[in-house]
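We did not get these values from a lab; they are worked out from the coordinates using the rules stated. Note that the structure is predicted; figures quoted are calculated from it, not measured.
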Amino acid sequence: MAYSWFKAFHIVGIVVWFAGLFYLVRLFIYHVEANQEPEPARTILKNQYQIMEKRLYNIITTPGMLVTVAMAIGLLSREPDVLKEGWLHVKLGFVVLLLGYHHYCKRLMKQLAQDTCKWNSQQLRALNEAPTVMLVVIVLLAVFKNNLPTDITAWGIVGMIIGMAATIQLYARKRRKDKEKLTTEMVQQQSS
């Protein structure tokens, strides 16, 4: 029975953790884009995003991570033989990367608060895709274990990454064109 409780709350922790990670970097994007706004909107937006980032990181994302890790330890304590499985080693490697990503987000949050962040919004959009790739790999490993069809999986992940990169580029192009169109319309209105 304990195993089922650990597993249930491990899944809940994963959902909460990833929801926080996905939204946190989205807030970073908005935070960086606030620099393009005129005052006083710039300061108001940046202050609001900073509050939202801190609350999301401290109240949702980090507790989600802690529940995930604690429940994983509980699961492993109930089935220690699984530690001998190769798929779990790979999965844990991706979890370590994800933990690094989580803590790197904290670093970015501090840089944004101090106005020292060097990332632009397009780079942050690409960074925001990293946990998606890790989530897919981790879930596939958990489901398929040692029977993961690596050839199909590898091509699927490569395709997913290419799709994400293309989407980011297309979105950036659309935003650029929309901005140019808006600027043109404003110039025409001012000259009328």
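Quick one: helix 2-33 against the long Cα principal axis of the chain, what's the angle to the nearest 10°, folded into 0 to 90? In the chain, helix 2-33 runs at an angle near 20 degrees to the longest axis. Rounded to the nearest 10 degrees, the angle from helix 150-191 to the longest Cα principal axis of the chain is 20 degrees.
In summary, the lysines within cross-link reach of K179, defined as a Cα separation below 23 angstrom excluding same-chain residues under 8 places away, comprise K46, K118.
The relative contact order of the chain, computed from alpha carbon pairs under 8 Å that lie at least 6 residues apart in sequence, is 28 percent.
Extension gain for N120 to S4 (0.36 nm times residue separation, less C-alpha to C-alpha distance): 37.4 nm. Using the alpha-carbon centroid of each, what span in Å lies between the range 97-115 and the range 144-192? Between the Cα centre of the range 97-115 and that of the range 144-192, the gap is 23 Å.
To the nearest ten degrees, helix 86-113 and the longest principal axis of the Cα atoms of the chain are 30 degrees apart. Taking each residue as 0.36 nm, the span from N146 to M160 lengthens on full extension beyond its C-alpha to C-alpha distance by 2.8 nm.
Reported value for the chain: 127 Å³ per residue, from the convex hull of its C-alpha atoms.
Taking 0.36 nm per residue of sequence separation and removing the Cα-Cα distance, the Y104/Q50 pair yields an extension gain of 17.8 nm. The mean of 1/r over all pairs of different alpha-carbon atoms in the range 46-94, once inverted, gives a Kirkwood hydrodynamic radius of 13.0 Å.
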